[in-house]
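Engineer: Input: one structure, supplied below.
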Amino acid sequence: MWPVRVYHEDTDTAGIVYYANYLKFMERARTEWLRGLGFEQTVLARQHNTVFVVRALTIDYLQAARFNDELAVTVELLVVRGSLIEIAQTIRRTGQVVVTAVVKLACVNTQSFKPVRIPQAIREKLAMRNA
């Protein structure tokens, strides 16, 4: 779970979170999720020549978040195979679901940006976490 406070810069003139900013909140949570597993994205790029990119995203906006709301963003692993990680993400405000999404991440080579297998160390850590 990654906490997010909504600031003015996140909102439109009505004080409601601009729809694209939810994607930023989810990106931060995914970065912290990987960091929590022991993997810094800069280290993955430098040592394994790999990065994760969003391949596909399905999102449902269920409620509006507003200026000064305290949100909680979650990451739940759904699928790991080959070069793909699929996760579910939820953004909540005091327990109420605001946004849900399913995100497919592709592991790609930093030079060619072509899909490559997820590094073994990450696959093992994800398998332990998903067991």
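No lab work stands behind these numbers, since they all come straight from the coordinates. This is a predicted model, so every value here is computed, not measured. Don't worry about glycine lacking a Cβ; one is built from the backbone with ideal geometry, like all the others, and counts go over all protein chains shown.
Engineer: How far apart, in nm, are the 7 Å Cα→Cβ label points at Tyr18 and Ser112?
Structural biologist: About 3.7 nm, to one decimal.
Engineer: Counting every Cα pair in the chain, what percent are over 27 Å apart?
Structural biologist: Every Cα pair in the chain considered, those over 27 Å come to 24 percent.
Engineer: Here's another thing I want to ask about it. Sketch the reach of a paramagnetic label on Met1 as a point 7 Å from Cα along Cα-to-Cβ, and name the residues of region 32-72 whose backbone nitrogen lies under 18 Å away.
Structural biologist: Of the residues in region 32-72, 32-34, 36-37, 69-72 have backbone N under 18 Å from the label point off Met1.
Engineer: About the Cα centre of region 54-113, how large is the charge dipole given +1 on each Lys and Arg Cβ and -1 on each Asp and Glu Cβ? Please answer in debye to the nearest 20.
Structural biologist: In total the dipole reaches around 120 debye.
Engineer: Same structure again: If we count other beta carbons within 10 Å of each Cβ, what is the order of Leu62, Leu84, fewest first?
Structural biologist: The fewest-first ordering by Cβ neighbours comes to Leu62, Leu84.
Engineer: OK, next. Between beta-carbons, use under 11 Å as the cut-off and find the net charge around Met1, counting Lys and Arg +1, Asp and Glu -1.
Structural biologist: -1
Engineer: Right, here's the next one. Given +1 on the Cβ of Lys and Arg, -1 on the Cβ of Asp and Glu, and no further charges, what dipole in debye does region 2-130 carry about its Cα centre, rounded to the nearest 20?
Structural biologist: The dipole of region 2-130 has a size of about 540 debye.
Engineer: Under 13 Å from the Cα of Lys104, which aspartates and glutamates turn up, not counting those fewer than eight places away in the same chain?
Structural biologist: Glu27, Glu76, Glu86
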